[in-house]
Amino acid sequence: MQRDHRFIPRLSEEQFRDIQLEGLKWTVAHAHANSPAYRAKFDAAGLAPGDVRSLDDLLRLPFTDADDLRAGYPMPLRCVPEEELVRIHASSGTTGKRKVMVYTQGDVDTWKTMMARCFEMAGLTRRDRVQIAVGYGLWTAGAGFQIGCEHFGATALPVGPGNLEIQMQLLTDMDATCLCSTASMALLLGEEVEKHGLRGKIGLKKCIFGSEAHTPKMRARFESLLGLEHSFDISGMTELYGPGAGLECAAHQGIHYWADIYILEILDPATLQPVAPGQTGEMVVTTLCKEGAPLIRYRTHDLTRLLPGQCPCGATMPRHDKILGRSDDMIIFRGVNIYPGQIAAVLEKFPEAGSEYQILLTRTGGRDSMRIRVERGRGAQGGDDAGLAGAVAQALHHQLMARASVEIVDFGSLPRSFGKTRRVIDERDDS
Ligand code: ZN
């Protein structure tokens, strides 16, 4: 079967820049003309729409943040009259008000193209059957996968999350070839397949997974249990249409993102200035054709880095790394920005080390020190703690460009909590 090439354009760098400048000018003019909230921001910054003449002018534009969504509740950043809206989605909202986004038909069409690109990037064809095991409802997941799958032309099996019995039935009887779910759902299904010895009876080849943290170990396990050829990490958020902002390709070297639909900046979260190419920083997004609720320099607080150079898969869409953590968790140590996710990435390379760690920051005589406590891996013996500590410290120094002392502690001795584990203990005072 011929691979589909219908949705991902092959654009040159110059073509991307032209599309981005055009889209940026349109977005700023649209937001200025139709949103009192954006107009107030531009006025405060002393900017008028005509001031955007080149892509460098992006750096002069004011930021937007989750606070702007809360301030404008229930329809923040709305830039079109009521009659042009065709849909409303909202995030599940763990605390406080939900993030609500409004969509025009044009926005829904853009989104379904973004999602169709994901299926194309994953190498699906119109003969594939796609088991969509994510939540349907007010949030964007189910709706996004559904419209994208149909627009792409594959067959959607909209089962939603949960109900293992029906999931198993669809996998075996309907011969689903692609699963769309969270990583933990894929693992759950994989374990169920193993338990019932169904591995030879299912035709699953691929999994598109996203929306939560996963470890390489977890991913390798569900790939093996489900007998997958590939799994693909998908990016996205409610504010930016929903899932489908980008997808890993079969080369598995980062996530290709749709640079003709939004601009991605990577900024130092402390200074809000661009980081050097390839350095880790906060993702800040600006939409180029979003009508209902455009985003201008929207701070996602997610950390990643751009991956320079051409991808071996041949796609010209630029790439960023997987999400490496949240900018709110950043530590500044001796002038260096450090993210807990970077430490986790180093620990992954040591099979004798566990995944739990704690960072302790202290100050003596005006000098900052960093001590990192690392758990031994489950079942690992404490034979050569000093050797392991030394090796981890060296790898951390190489990765972080900062020195830390490392202490190896027993498995299970560091505190665990559901949700956000408190990994950083900062005992430096700010005086
Ligand atoms: Zn690629």
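The values are calculated or read from the model by the stated rules, or taken from the named source; none is laboratory data. Keep in mind the model is a prediction, meaning the values are calculated, not measured. With ideal geometry, Cβ positions are generated from the backbone for all residues, glycine too; neighbour counts draw on all protein chains shown. Protein only, heavy atoms only, side chains kept; ligands, DNA and RNA dropped before computing areas. Shrake-Rupley method; radii C 1.70, N 1.55, O 1.52, S 1.80 Å.
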Report summary line: Across (1) open to solvent by 30 Å² or more (accessible area, probe 1.4 Å); (2) away from the ligand (no atom under 16 Å from the Cβ); (3) in the same structural domain as T110 (by TED's automatic domain parsing); (4) assigned to a loop (DSSP other than H, G, I, E, B), K349 clears everything bar (3)
Query raised in the report: Hey, does the stretch 309-322 have a residue that's within 30 Å of L47 (Cβ to Cβ), touching a Pro at 6+ places or on another chain (Cβ under 7 Å), in the same structural domain as L58 (by TED's automatic domain parsing) and within 16 Å of the ligand (Cβ to nearest atom)?
Result: no
**Report entry** Residue satisfying all of: in the stretch 114-127; away from the ligand (no atom under 16 Å from the Cβ) and either free of Cβ contacts under 8 Å to residues at least 40 places away in the same chain or buried (at least 21 other Cβ atoms within 10 Å of the Cβ) (or both); farthest from the chain's Cα centre (by Cα) among these
**Finding:** A116
Query raised in the report: Looking only at residues in the stretch 247-286 that are over 16 Å from the mean Cα position of the chain (by Cα) and of a type in the set (S, T, N, Q), which one is farthest from the ligand (Cβ to nearest atom)?
Result: T271
Query raised in the report: Within the stretch 173-189, is there a residue that is touching a residue at least 24 places away in the same chain (Cβ under 8 Å), more than 16 Å from the ligand (Cβ to nearest atom), of a type in the set (D, E, K, R) and outside any helix (DSSP H, G or I)?
Result: yes
Query raised in the report: Could you say which residue among P269, P318 is open to solvent by 10 Å² or more (accessible area, probe 1.4 Å), modelled with pLDDT of 95 or more and closer than 28 Å to M101 by Cβ?
Result: P318
Query raised in the report: Of all residues in the stretch 353-363, which are closer than 26 Å to Q253 by Cα and at pLDDT 85 or above?
Result: A353
Query raised in the report: Quick one: is C289 surrounded by 16 or more Cβ atoms within 10 Å (Cβ to Cβ), within 16 Å of the ligand (Cβ to nearest atom) and under 21 Å from L11 (Cα atoms)?
Result: no
Report task. Taking S231 as the residue in question, decide whether it is touching a helix residue (DSSP H, G or I) at 6+ places or on another chain (Cβ under 8 Å), of a type in the set (S, T, Y) and more than 17 Å from I255 (Cβ to Cβ). Result -> no
Report task. Could you check, for the stretch 41-56, whether at least one of its residues is within 26 Å of the chain's Cα centre (by Cα) and closer than 18 Å to L264 by Cβ? Result -> yes
Query raised in the report: Which of the residues that make up the stretch 136-180 are buried (at least 19 other Cβ atoms within 10 Å of the Cβ), in contact with a Gly (Cβ under 9 Å, 6 or more places away or on another chain) and closer than 18 Å to G236 by Cα?
Result: W139, T140, A141, G142, A143, G144, F145, G148, C180
Report task. Consider only pairs whose beta carbons are under 6 Å apart and that are at least six residues apart or on different chains; among these, list those whose first residue lies in the stretch 230-244 and is within 15 Å of K99 (Cβ to Cβ) and not assigned by TED's automatic domain parsing to the domain that holds I147 and whose second residue is surrounded by fewer than 24 Cβ atoms within 10 Å (Cβ to Cβ) and modelled with pLDDT under 95. Result -> none
Report task. Could you tell me which numbered condition A220 fails, if it satisfies all but one of (1) of a type in the set (G, A, S); (2) over 25 Å from S355 (Cβ atoms); (3) open to solvent by 10 Å² or more (accessible area, probe 1.4 Å); (4) not in a loop (DSSP other than H, G, I, E, B)? Result -> (2)
Query raised in the report: How many residues does the stretch 299-321 hold that are among the aliphatic types (A, V, I, L, M) and not in a loop (DSSP other than H, G, I, E, B)?
Result: 3
Report summary line: Taking the stretch 325-346 and the residues there that are in contact with an Asp or Glu (Cβ under 8 Å, 6 or more places away or on another chain) and assigned to a loop (DSSP other than H, G, I, E, B), the one that is nearest to the ligand (Cβ to nearest atom) would be Y339
Report summary line: Here the residues within the stretch 11-40 that are open to solvent by less than 50 Å² (accessible area, probe 1.4 Å) and outside any loop (DSSP other than H, G, I, E, B) are F16, Q20, L21, G23, L24, T27, V28, A29, H30, A31, H32, Y38
Query - Unique residue being open to solvent by less than 90 Å² (accessible area, probe 1.4 Å), in a loop (DSSP other than H, G, I, E, B), modelled with pLDDT under 90 and of a type outside the set (D, E, K, R) when the list is S417, S431 - result: S417
